[in-house]
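Worksheet: one structure, shown below.
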Amino acid sequence: MSTAESTVPETVQSRLSVHDFTASICEQSVHFHVLRLQDSFMIWIGRQPASLSNLAVAMATNLDSIPSASMLLGDMSDPVSTSLAQKLAKMTGKQVFVSCDLPQDRMLQPLVEERITSELKAFPEKFYF
């Protein structure tokens, strides 16, 4: 038997994980779905049934203190996902993908951001490593 045949493959633990949580905000159930990736994470925010109608990305750069952000999918005039991605990228120093499928509501958005921030502070390992 050759050396290659007798080598047992090392078990590799996946770094990809999913974290879900729900909050009652402004008398409606808001669902959060976090996909932890290597050096980044994606968060979907919305109501059921789930829809991926937009997707924004943000990441820190050496050129500016405000993370660079771009809308990858969806209505470019809707700033909610892009703005939230920038805030989360600045807070974590990670590349962040955000899809926010909630109506534009000035009362709802700050409460959603607050809920994400509290979950991120309580369980940072669920978002990034």
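The values are calculated or read from the model by the stated rules, or taken from the named source; none is laboratory data. In this text, all values refer to a predicted model and were calculated from it rather than measured experimentally. Every residue, glycine among them, receives a Cβ derived from its backbone with ideal geometry; neighbour counts consider all protein chains shown.
Below are the figures for this structure:
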| quantity | calculated |
| --- | --- |
| Count - residues of region 89-107 that are in contact (Cβ under 8 Å) with a residue 12 or more places away in the chain and within 20 Å of Met76 (Cα to Cα) | 11 |
| Single residue of region 16-43 satisfying the filter (in contact with a His (Cβ under 6 Å, 6 or more places away or on another chain) and either surrounded by 15 or more Cβ atoms within 10 Å (Cβ to Cβ) or of a type in the set (Asp, Glu) (or both)) that is nearest to Pro124 (Cα to Cα) | Val34 |
| Residue count, region 79-99 (criterion: in contact with a Cys (Cβ under 8 Å, 6 or more places away or on another chain) and not in a helix (DSSP H, G or I)) | 0 |
| Sole residue being aromatic (Phe, Trp, Tyr) and buried (at least 18 other Cβ atoms within 10 Å of the Cβ), chosen from Phe97, Phe123 | Phe97 |
| Close pairs from region 45-69: first basic (Lys, Arg) and surrounded by fewer than 18 Cβ atoms within 10 Å (Cβ to Cβ), partner modelled with pLDDT of 90 or more and not in a loop (DSSP other than H, G, I, E, B), Cβ under 9 Å, at least 6 apart | Arg47/Gln28; Arg47/Ser29; Arg47/Val30; Arg47/His31; Arg47/Asp101 |
| Region 42-62, residues that are assigned to a strand (DSSP E or B) and small (Gly, Ala, Ser) | Gly46, Ala56, Ala58 |
| Options Ser65, Ser24; residue that is assigned to a loop (DSSP other than H, G, I, E, B) and polar (S, T, N, Q) | Ser65 |
